[in-house]
1. Could you identify the single residue in 56, 141, 38, 52 that is of a type outside the set (Ser, Thr, Tyr) and open to solvent by 70 Å² or more (accessible area, probe 1.4 Å)?
2. Confirm whether residue 107 is closer than 30 Å to residue 40 by Cα, open to solvent by 50 Å² or more (accessible area, probe 1.4 Å) and of a type in the set (S, T, N, Q).
3. Assess whether residue 130 counts as being within 16 Å of the chain's Cα centre (by Cα), open to solvent by 80 Å² or more (accessible area, probe 1.4 Å) and closer than 30 Å to residue 56 by Cα.
4. Answer with yes or no whether residue 157 is aliphatic (A, V, I, L, M), more than 30 Å from residue 42 (Cβ to Cβ) and either outside any loop (DSSP other than H, G, I, E, B) or open to solvent by 100 Å² or more (accessible area, probe 1.4 Å) (or both).
5. Just to be sure, is residue 151 assigned to a helix (DSSP H, G or I), more than 23 Å from residue 49 (Cα to Cα) and open to solvent by less than 100 Å² (accessible area, probe 1.4 Å)?
6. Looking only at residues in segment 110-127 that are open to solvent by 60 Å² or more (accessible area, probe 1.4 Å) and not hydrophobic (A, V, I, L, M, F, W, C), which one is farthest from residue 65 (Cα to Cα)?
7. Tell me yes or no: at least one residue of segment 160-171 is closer than 30 Å to residue 37 by Cβ, open to solvent by 100 Å² or more (accessible area, probe 1.4 Å) and either assigned to a helix (DSSP H, G or I) or touching a helix residue (DSSP H, G or I) at 6+ places or on another chain (Cβ under 8 Å) (or both).
8. Please list, ordered by residue number, the helices (runs of 4 or more DSSP H) wholly in segment 1-112 having 3 or more residues that are at pLDDT 90 or above and within 25 Å of residue 143 (Cα to Cα).
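The values are calculated or read from the model by the stated rules, or taken from the named source; none is laboratory data. As the structure is a computational prediction, the values presented were derived from the model and not from experiment. Neighbour counts run over all protein chains shown; Cβ positions are idealised from the backbone, glycine included. For the accessible areas, the whole protein counts, side chains as well, though only heavy atoms, and no ligand, DNA or RNA atoms are used. Shrake-Rupley method; radii C 1.70, N 1.55, O 1.52, S 1.80 Å.
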Amino acid sequence: MSVLTHGTGSFFGGNSSFADVMLPHTTNTYMHEYNQIAQTASYLNMPERMWAAWYAYIGNDVLATGIMSFMMHEIVYFGRCIPWLIVDRIKALRKYKIQTHKVPTAQEQWDCAKLVLLSHFTVELPQIWFFHPMAQYFGMAHTVPFPPLYKIIYQIAIFFVFEDAWHYWSHRALHW
(Lines give C-alpha, C1' and ligand atoms only; values in the text may rest on other atoms or scores of the structure.)
Protein backbone atom coordinates (compact mmCIF):
# COMPACT_ATOMS: atom_id res chain seq x y z
CA MET A 1 0.00 0.00 0.00
CA SER A 2 1.53 3.27 -1.01
CA VAL A 3 1.17 6.54 0.82
CA LEU A 4 1.24 8.14 -2.62
CA THR A 5 -2.06 6.54 -3.53
CA HIS A 6 -3.54 6.63 0.00
CA GLY A 7 -4.94 3.16 0.43
CA THR A 8 -7.03 2.22 3.45
CA GLY A 9 -6.01 -1.34 4.24
CA SER A 10 -7.33 -3.32 7.17
CA PHE A 11 -5.02 -3.68 10.17
CA PHE A 12 -5.72 -7.41 10.68
CA GLY A 13 -7.53 -8.00 7.38
CA GLY A 14 -7.20 -10.98 5.11
CA ASN A 15 -4.95 -13.93 5.94
CA SER A 16 -2.21 -11.83 7.52
CA SER A 17 -0.20 -13.31 10.32
CA PHE A 18 0.86 -11.24 13.33
CA ALA A 19 4.40 -11.03 11.89
CA ASP A 20 3.04 -9.75 8.57
CA VAL A 21 1.24 -6.96 10.39
CA MET A 22 4.00 -5.99 12.83
CA LEU A 23 7.04 -6.13 10.56
CA PRO A 24 7.87 -4.06 7.47
CA HIS A 25 6.09 -5.57 4.48
CA THR A 26 9.11 -5.49 2.25
CA THR A 27 12.61 -6.90 2.25
CA ASN A 28 13.79 -3.62 0.74
CA THR A 29 15.64 -1.14 2.92
CA TYR A 30 14.29 2.29 3.77
CA MET A 31 16.89 3.85 1.44
CA HIS A 32 15.74 1.60 -1.41
CA GLU A 33 12.16 2.82 -0.88
CA TYR A 34 13.39 6.42 -0.69
CA ASN A 35 15.36 6.12 -3.95
CA GLN A 36 12.41 4.53 -5.74
CA ILE A 37 10.11 7.33 -4.62
CA ALA A 38 12.71 9.95 -5.58
CA GLN A 39 12.81 8.48 -9.09
CA THR A 40 9.06 8.04 -9.57
CA ALA A 41 7.89 11.20 -7.77
CA SER A 42 10.56 13.78 -8.51
CA TYR A 43 8.06 16.61 -7.86
CA LEU A 44 8.22 15.86 -4.10
CA ASN A 45 10.64 17.77 -1.89
CA MET A 46 13.03 15.92 0.40
CA PRO A 47 10.83 15.83 3.56
CA GLU A 48 7.91 14.58 1.43
CA ARG A 49 10.08 11.85 -0.11
CA MET A 50 11.32 10.84 3.36
CA TRP A 51 7.73 10.73 4.63
CA ALA A 52 6.48 8.64 1.70
CA ALA A 53 9.47 6.28 1.95
CA TRP A 54 8.78 5.68 5.65
CA TYR A 55 5.16 4.70 4.99
CA ALA A 56 6.15 2.58 1.98
CA TYR A 57 8.89 0.85 3.99
CA ILE A 58 6.67 -0.01 6.98
CA GLY A 59 3.66 -0.91 4.82
CA ASN A 60 1.10 -0.34 7.57
CA ASP A 61 -0.10 3.23 8.02
CA VAL A 62 -1.16 2.86 11.66
CA LEU A 63 2.11 1.18 12.60
CA ALA A 64 4.20 3.72 10.66
CA THR A 65 2.45 6.68 12.30
CA GLY A 66 2.65 5.11 15.75
CA ILE A 67 6.36 4.31 15.57
CA MET A 68 7.29 7.68 14.09
CA SER A 69 5.17 9.68 16.53
CA PHE A 70 6.32 7.77 19.60
CA MET A 71 9.99 7.97 18.64
CA MET A 72 9.70 11.71 17.97
CA HIS A 73 7.96 12.13 21.31
CA GLU A 74 10.72 10.28 23.16
CA ILE A 75 13.54 12.09 21.33
CA VAL A 76 12.06 15.52 22.03
CA TYR A 77 11.04 14.68 25.61
CA PHE A 78 14.38 13.26 26.69
CA GLY A 79 16.47 15.41 24.33
CA ARG A 80 15.27 18.61 25.94
CA CYS A 81 16.54 17.34 29.30
CA ILE A 82 20.13 16.79 28.17
CA PRO A 83 21.24 20.44 28.49
CA TRP A 84 19.88 20.57 32.04
CA LEU A 85 21.62 17.33 32.98
CA ILE A 86 24.87 18.94 31.83
CA VAL A 87 24.13 22.22 33.65
CA ASP A 88 23.46 20.28 36.87
CA ARG A 89 26.97 18.82 36.68
CA ILE A 90 28.70 22.20 36.29
CA LYS A 91 29.46 23.37 39.83
CA ALA A 92 29.95 27.01 38.78
CA LEU A 93 26.32 27.17 37.63
CA ARG A 94 24.80 25.73 40.81
CA LYS A 95 24.57 29.19 42.35
CA TYR A 96 21.80 29.95 39.83
CA LYS A 97 19.64 27.00 40.93
CA ILE A 98 16.53 27.75 42.95
CA GLN A 99 17.29 24.79 45.21
CA THR A 100 21.08 25.01 45.33
CA HIS A 101 21.43 22.18 47.83
CA LYS A 102 19.46 19.68 45.72
CA VAL A 103 21.50 17.99 43.02
CA PRO A 104 19.95 14.71 41.89
CA THR A 105 22.25 11.71 41.92
CA ALA A 106 22.64 9.46 38.90
CA GLN A 107 20.53 6.81 40.69
CA GLU A 108 17.74 9.33 41.37
CA GLN A 109 17.78 10.41 37.74
CA TRP A 110 17.70 6.79 36.55
CA ASP A 111 14.78 5.99 38.91
CA CYS A 112 12.93 9.03 37.57
CA ALA A 113 13.66 8.05 33.95
CA LYS A 114 12.28 4.54 34.57
CA LEU A 115 9.04 5.96 36.00
CA VAL A 116 8.73 8.39 33.10
CA LEU A 117 9.29 5.57 30.58
CA LEU A 118 6.67 3.44 32.34
CA SER A 119 4.23 6.35 32.06
CA HIS A 120 5.11 6.93 28.42
CA PHE A 121 4.57 3.27 27.49
CA THR A 122 1.39 2.76 29.52
CA VAL A 123 -0.34 6.14 29.19
CA GLU A 124 1.03 8.07 26.23
CA LEU A 125 1.79 5.26 23.78
CA PRO A 126 -1.87 4.14 23.54
CA GLN A 127 -2.93 7.74 22.90
CA ILE A 128 -0.25 8.14 20.24
CA TRP A 129 -1.17 4.76 18.71
CA PHE A 130 -4.85 5.66 18.33
CA PHE A 131 -4.11 9.09 16.89
CA HIS A 132 -3.81 7.83 13.31
CA PRO A 133 -7.24 6.13 13.13
CA MET A 134 -8.86 9.13 14.81
CA ALA A 135 -7.10 11.58 12.48
CA GLN A 136 -8.24 9.56 9.47
CA TYR A 137 -11.79 9.45 10.82
CA PHE A 138 -11.83 13.26 11.07
CA GLY A 139 -10.38 13.64 7.57
CA MET A 140 -6.75 14.49 8.32
CA ALA A 141 -4.61 13.18 5.46
CA HIS A 142 -1.13 11.76 5.87
CA THR A 143 -0.30 11.59 2.20
CA VAL A 144 2.13 13.52 0.06
CA PRO A 145 2.45 16.15 -1.23
CA PHE A 146 1.97 17.97 2.06
CA PRO A 147 -0.76 20.59 2.31
CA PRO A 148 0.09 24.29 2.09
CA LEU A 149 1.94 25.79 5.06
CA TYR A 150 -1.07 27.84 6.24
CA LYS A 151 -3.14 24.64 6.53
CA ILE A 152 -0.39 22.87 8.48
CA ILE A 153 -0.11 25.82 10.88
CA TYR A 154 -3.84 26.10 11.60
CA GLN A 155 -4.16 22.32 12.03
CA ILE A 156 -1.28 22.31 14.52
CA ALA A 157 -2.85 25.25 16.38
CA ILE A 158 -6.18 23.42 16.61
CA PHE A 159 -4.36 20.26 17.70
CA PHE A 160 -2.60 22.16 20.51
CA VAL A 161 -5.96 23.41 21.80
CA PHE A 162 -7.47 19.92 21.76
CA GLU A 163 -4.33 18.35 23.25
CA ASP A 164 -4.24 20.90 26.05
CA ALA A 165 -7.96 20.49 26.74
CA TRP A 166 -7.56 16.70 26.79
CA HIS A 167 -4.74 16.84 29.33
CA TYR A 168 -6.53 19.46 31.46
CA TRP A 169 -9.87 17.67 31.66
CA SER A 170 -8.38 14.20 32.08
CA HIS A 171 -6.22 15.57 34.90
CA ARG A 172 -9.27 17.23 36.49
CA ALA A 173 -11.16 13.93 36.22
CA LEU A 174 -8.44 12.22 38.26
CA HIS A 175 -9.13 14.61 41.15
CA TRP A 176 -12.89 13.89 41.38
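1. When all the criteria are applied, what remains is 141.
2. Details: closer than 30 Å to residue 40 by Cα: no; open to solvent by 50 Å² or more (accessible area, probe 1.4 Å): yes; of a type in the set (S, T, N, Q): yes.
No; evaluated as a whole, the condition is false for this residue.
3. Numbers: within 16 Å of the chain's Cα centre (by Cα): yes; open to solvent by 80 Å² or more (accessible area, probe 1.4 Å): yes; closer than 30 Å to residue 56 by Cα: yes.
It is true that residue 130 is within 16 Å of the chain's Cα centre (by Cα), open to solvent by 80 Å² or more (accessible area, probe 1.4 Å) and closer than 30 Å to residue 56 by Cα.
4. Numbers: aliphatic (A, V, I, L, M): yes; more than 30 Å from residue 42 (Cβ to Cβ): yes; either outside any loop (DSSP other than H, G, I, E, B) or open to solvent by 100 Å² or more (accessible area, probe 1.4 Å) (or both): yes.
Judged against the criteria, residue 157 is a match.
5. Details: assigned to a helix (DSSP H, G or I): yes; more than 23 Å from residue 49 (Cα to Cα): no; open to solvent by less than 100 Å² (accessible area, probe 1.4 Å): yes.
Against the criterion (assigned to a helix (DSSP H, G or I), more than 23 Å from residue 49 (Cα to Cα) and open to solvent by less than 100 Å² (accessible area, probe 1.4 Å)), residue 151 does not qualify.
6. Looking at residues that are open to solvent by 60 Å² or more (accessible area, probe 1.4 Å) and not hydrophobic (A, V, I, L, M, F, W, C), I get 111.
7. Just the residues of segment 160-171 that are closer than 30 Å to residue 37 by Cβ, to begin with: none.
No - not one qualifying residue is present in segment 160-171.
8. Working: elements: 18-22, 30-40, 46-58, 61-79, 82-89.
In segment 1-112, 30-40, 46-58, 61-79 are the helices (runs of 4 or more DSSP H) which contain 3 or more residues that are at pLDDT 90 or above and within 25 Å of residue 143 (Cα to Cα).
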